[in-house]
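Following: one structure in structure tokens, then a few remarks.
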Amino acid sequence: MSGKKLDKEGEKVVEIHFLGTCSGTEPQPNRRHTALILEYQEKLFWFDAGESCGYTAHLLGLDLLQTEAVFVSHPHMDHIGGLPHLIWTLKKLESLSKVPLRTEIDLYFPDLNIWYGLEKMLFLKGRTLKNGLGFCINLVTDGVIYAKNDLMVSAVHNLHLGKPESKENWQSFSFLIEAADKRIVYSGDFKTMRELEPLFVNEVDLLLVETGHHSVEEVCNYLVENQKPVGQLGFIHHGRAILNNPEEEMKKAKTIFGSRVFFADDKMSLTL
Ligand SMILES: [Zn+2]
């Protein structure tokens, strides 16, 4: 990876790499389950880790050993199915690497059973790999969960997996990411648009919203009718409406929201 990425004015650049843009359907051509990377100052921040995300990112030329943190929105297979392979690949790349490595990758889970499952599946002995690359395991809770490297991630619970018995135990979250004066919202899976309200307090430069459980019209109408301050709107985690008829769905989206809308595709990158 060449030096820190700056735009023409010398501002720091945030890049988003879409690795998988499909909801939890049976296999679809050219689309894998949900995962994306936010690249900032040579570091990689993962949001969800659907099937083969490590494979896709590596072949896109991203240096997986620059991974700083992985944030999991909820413990469903279309969001964590690629995680064992990602960790296995990190282990492989670490063993091939000749340069000294940074020591810890932060992993954020709404349910620690995800980690315990990974430990068993990968036969991990402790939280440190062969050459010293280790993992710091964190539980996702409401509020700021990450504030390092000039980047902040806040979590807001949602009702995708219902109400837990204990309020400490929410299982599904949406994320706000703040870096380089940009505000990016990653919806994860959620039940109603109202659940995202706490994330709209200030202007959002990019809203990435799932359509596996929502229609394009529902999302666009909500944002327009409630005058939400959203710069760009990107749909991810596509359900069958977009998978089957993207042109028709895009027409609907543009009619309601205007031209600042896109449907993310696998392997697509976006610079903010
Ligand atoms: Zn999903």
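Just so it is clear, none of the values below were taken in a lab; they were calculated from the coordinates. Since the structure is predicted, the reported quantities are computational estimates derived from the model, not experimental observations. We place every Cβ from the backbone using ideal geometry, glycine too, and count neighbours over all the protein chains shown.
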Fewest-first ordering of Cys53, Cys136 by Cβ atoms within 10 Å yields Cys136, Cys53
Rounded to the nearest 5, the percent of antiparallel DSSP beta bridges in the chain equals 55
A correct fewest-to-most ranking of Leu243, Leu139 by other Cβ atoms within 10 Å would be Leu139, Leu243
Distance in Å, no decimals, from the C-alpha centre of segment 186-217 to the one of segment 218-258 is 11
Going from the fewest other Cβ atoms within 10 Å to the most, one would list Tyr55, Tyr116, Tyr40 as Tyr116, Tyr55, Tyr40
Computed, not fitted: 222 nm per-residue ellipticity of the chain from DSSP H runs ≥ 4 (each -39500 (n - 2.57)), nearest 500, equal to -6000 deg cm²/dmol
Hull volume per residue for the chain, using the convex hull of the C-alpha atoms, in Å³ is 130
In the neighbourhood of Met268 defined by beta carbon distances under 15 Å, the net charge of the other residues (Lys, Arg +1; Asp, Glu -1) is -1
